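Undergrad: First the structure, which I've put down as structure tokens, then a few questions once you've had a look.
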Amino acid sequence: KETPTHAFWDTQPVPKIADEVEQSGPIEFKTLDDVRKDPLGLPGLFEWVEIDVNSQTELQDLYTLLNENYVEDDDNMFRFDYSPSFLKWALQPPHYYKEWHIGVRVKETKKLVGFISAIPADVRVEDKVVKMVEINFLCVHKKLREKRLAPVLIKEITRRVNLKDIWQASYTAGVVLPRPVAVCRYWHRSLNPKKLIEVGFSSLPPKMTMSLMIKYYRVAEQLKNATMRKLEKKDCESATALLNQYLSKYRVAPTFTTEEFWHWFEPRENVMTCYVKVDSDNKVTDIFSYYNLPSSIIGNQKHKTLKAAFSFYNVATTTTIKELIDDALLVAKKEEFDVYNCLDIFENDKFFKDLKFAVGDGNLQYYLYNYSTPLKHSSEIGLVLL
Ligand SMILES: CCCCCCCCCCCCCC(=O)CSCCNC(=O)CCNC(=O)[C@H](O)C(C)(C)COP(=O)(O)OP(=O)(O)OC[C@H]1O[C@@H](n2cnc3c(N)ncnc32)[C@H](O)[C@@H]1OP(=O)(O)O
Ligand SMILES: CN(C)Cc1n[nH]c2ccc(-c3ccc(F)cc3OCCn3ccnc3)cc12
């Protein structure tokens, strides 16, 4: 069958769709001398801006652009609704650069119509830790789609990242591009089946009544791990060591400094929930964590928002992953989430059935930029992008 042409991606240092890759490593080698010092050209009506996420008004502009124009499910029923505080958290990890929060505004009206971001991350691919960036929140206003603005945003963020002597990136997308490092499925665990059915997220199976459905998805009354409690700063050293050790068994996974760990896992209301269990020496032995990413419900009068918890990083050493996630479900239900979402990465496929997850209707592809490595099974991925 003909291989679809990618006018932009076929010019980029990414493996071709059909490539069989043996060794892992960079695809092209460039130096700072090869990097343009001036921004890429934009069509006349538009200008590059840096979105200052410390400015409430600029953060609100970014929130609104994404709230109205970001990722929708395949049936255009839901659209991610990342909150301003979530975006600030996602974009300002330790060692972030404000130059990597790139906006495109209409010169005349200053309306924000495009965005792309990068944050620094140390990601190990097989046995090599690669200093790279994670690309996220690429968005072009609905009214400006299919005008080849995305390649301009991608080339500009590439230029600015190269200027900091970084040459690799990781990103995920629901769309298939050249070329996936892994293809992952997402799974959902209903916590509020009545609302999920009312908004069309789930359907009532034949012979099932609503009251039976509510009973089926009822969560436990008590924690399986009774001593699990919210993460505190004093847990960081041992929790970071535990997570880094756990992640070493995956073929693609980040490494965290203690400072980075605290940024990503510090409990933040309406953003991040992280619980830990400690042993008699106060060393962390088990962690569960999830982030709060609601979706706007497009066109539903009764419900405006779907409250979704997304599994983040989990480590079970004195309990089982199944019992640990069962506790996560209990806490998520208590925090009034409607659904708990998971990818089939890590060892997550061990608990989907027993904990009553249902498979989702799409995939999430993982990608590396300027780094070739053999295709991974989803269970070999130990990296979560927001
Ligand atoms: C060393 C550092 C390196 C840093 C850079 C690393 C790479 C980072 C890469 C970015 C990672 C982002 C990760 C991330 O943020 C998470 S994935 C979420 C992306 N955002 C959305 O889906 C929001 C809604 N959609 C839109 O805003 C637009 O449809 C976008 C902006 C997506 C495309 O705007 P458009 O108006 O619909 O389309 P044109 O401007 O006409 O451009 C068409 C070209 O764009 C290619 N395209 C489409 N969707 C893409 C996607 N999700 N990734 C990469 N490429 C994507 C497409 O294949 C085509 O190229 P081709 O002709 O070659 O096929
Ligand atoms: C990861 N991060 C880059 C955001 C992102 N971009 N593209 C995506 C495509 C799927 C998922 C995803 C990941 C995990 C999951 F359990 C459900 C998901 O999407 C459901 C379908 N959906 C899309 C919007 N509203 C509902 C995330 C993303």
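Undergrad: Against the definition (of a type in the set (G, A, S) and under 30 Å from Q12 (Cα atoms)), how does S311 come out, yes or no?
TA: The answer is no for S311.
Undergrad: Restricting attention to segment 205-214, does a residue exist that is open to solvent by less than 50 Å² (accessible area, probe 1.4 Å), at negative phi and either within 13 Å of ligand 2 (Cβ to nearest atom) or part of a helix (DSSP H, G or I) (or both)?
TA: Yes; the residues of segment 205-214 include at least one that is open to solvent by less than 50 Å² (accessible area, probe 1.4 Å), at negative phi and either within 13 Å of ligand 2 (Cβ to nearest atom) or part of a helix (DSSP H, G or I) (or both).
Undergrad: Scan the strands (runs of 3 or more DSSP E) fully inside segment 268-386 and keep the ones with 1 or more residues being among the β-branched types (V, I, T) and more than 24 Å from D122 (Cβ to Cβ). Reasoning before the result, please.
TA: Details: elements: 272-278, 284-292, 295-297, 308-311, 339-343, 358-369.
Result: 272-278, 284-292, 295-297, 339-343, 358-369.
Undergrad: So for segment 77-86 (the condition being under 18 Å from the mean Cα position of the chain (by Cα), part of a loop (DSSP other than H, G, I, E, B) and not hydroxyl-bearing (S, T, Y)), does at least one residue qualify? Walk me through how you get there before you give the answer.
TA: Step one: of segment 77-86, the residues under 18 Å from the mean Cα position of the chain (by Cα) are 78-86.
From what is left, the residues that are part of a loop (DSSP other than H, G, I, E, B) are 81-83.
Of the ones still in play, those that are also not hydroxyl-bearing (S, T, Y) are 81.
Yes; the residues of segment 77-86 include at least one that is under 18 Å from the mean Cα position of the chain (by Cα), part of a loop (DSSP other than H, G, I, E, B) and not hydroxyl-bearing (S, T, Y).
Undergrad: Let me ask something additional. Scan V129, V125, V113 and give me the residue that is surrounded by 22 or more Cβ atoms within 10 Å (Cβ to Cβ) and away from ligand 2 (no atom under 16 Å from the Cβ). Give the derivation first.
TA: Values: V129 fails: surrounded by 22 or more Cβ atoms within 10 Å (Cβ to Cβ); V113 fails: surrounded by 22 or more Cβ atoms within 10 Å (Cβ to Cβ).
From the options V129, V125, V113, the qualifying one is V125.
Undergrad: Every residue in segment 215-254 that is among the hydroxyl-bearing types (S, T, Y) and open to solvent by 50 Å² or more (accessible area, probe 1.4 Å), please.
TA: Residues of segment 215-254 that are among the hydroxyl-bearing types (S, T, Y), as a first pass: 216-217, 227, 238, 240, 246, 248, 250.
Passing the criteria: Y216, T227, S248.
Undergrad: Read through the list (1) in contact (Cβ under 8 Å) with a residue 40 or more places away in the chain; (2) among the charged types (D, E, K, R); (3) open to solvent by 10 Å² or more (accessible area, probe 1.4 Å); (4) closer than 30 Å to Y63 by Cα, then give the number of the only condition that K283 fails.
TA: (4)
Undergrad: For residues that are polar (S, T, N, Q) and open to solvent by 20 Å² or more (accessible area, probe 1.4 Å), scanning just segment 363-382, find the one that is farthest from Q23 (Cα to Cα).
TA: Result: N363.
Rundown of residues vs (1) touching a residue at least 24 places away in the same chain (Cβ under 8 Å); (2) more than 16 Å from ligand 2 (Cβ to nearest atom); (3) not in a helix (DSSP H, G or I); (4) not β-branched (V, I, T), yes/no style:
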| site | (1), (2), (3), (4) |
| --- | --- |
| V152 | yes, yes, no, no |
| I166 | yes, yes, yes, no |
| T172 | yes, no, yes, no |
| R179 | yes, yes, yes, yes |
| C184 | yes, no, yes, yes |
| H188 | yes, no, yes, yes |
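Undergrad: With the requirement that a residue be over 15 Å from L112 (Cα atoms) and either assigned to a loop (DSSP other than H, G, I, E, B) or touching a His at 6+ places or on another chain (Cβ under 6 Å) (or both), what does segment 32-43 give you?
TA: The answer is V35, R36, K37, D38, P39, L40, G41.
Undergrad: Looking at segment 135-169, which of its residues are touching a Pro at 6+ places or on another chain (Cβ under 9 Å), crowded, with 17+ Cβ neighbours inside 10 Å, more than 20 Å from D52 (Cβ to Cβ) and of a type outside the set (V, I, T)?
TA: L149, W167, Q168
Undergrad: Is there a residue in segment 346-355 that is more than 16 Å from ligand 1 (Cβ to nearest atom), closer than 21 Å to V130 by Cβ and surrounded by 23 or more Cβ atoms within 10 Å (Cβ to Cβ)?
TA: yes
Yes/no matrix, rows are residues, columns are (1) more than 16 Å from ligand 1 (Cβ to nearest atom); (2) in contact with a helix residue (DSSP H, G or I) (Cβ under 7 Å, 6 or more places away or on another chain):
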residue: F288; (1), (2): yes, yes
residue: N300; (1), (2): yes, no
residue: H303; (1), (2): yes, yes
residue: T317; (1), (2): yes, no
residue: A332; (1), (2): yes, no
residue: Y366; (1), (2): no, no
residue: S372; (1), (2): no, no
residue: L383; (1), (2): no, no
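Undergrad: State which residue is nearest to ligand 1 (Cβ to nearest atom) when the search covers only segment 71-104 and only residues that are among the aromatic types (F, W, Y) and open to solvent by 30 Å² or more (accessible area, probe 1.4 Å).
TA: Out of the qualifying residues, it is F80.
Undergrad: Please find, among L329, L386, L364, L343, the residue that is of a type outside the set (D, E), within 21 Å of A220 (Cα to Cα) and within 15 Å of ligand 2 (Cβ to nearest atom).
TA: L329
Undergrad: List the residue pairs whose Cβ atoms are under 7 Å apart, where the first residue sits in segment 72-85 and is closer than 18 Å to E269 by Cα, the second is near ligand 2 (Cβ under 6 Å from one of its atoms), and the two are 6 or more positions apart or on different chains.
TA: Close Cβ pairs satisfying both conditions: D81/S295.
The values are calculated or read from the model by the stated rules, or taken from the named source; none is laboratory data. Given the structure is predicted, the values throughout are model-derived calculations rather than measurements. No Cβ is skipped: glycine too gets one built from the backbone with ideal geometry, and neighbour counts run over all protein chains shown. Side chains are part of the model used for accessible areas, which takes the heavy atoms of the whole protein and leaves out ligands, DNA and RNA. Shrake-Rupley method; radii C 1.70, N 1.55, O 1.52, S 1.80 Å.
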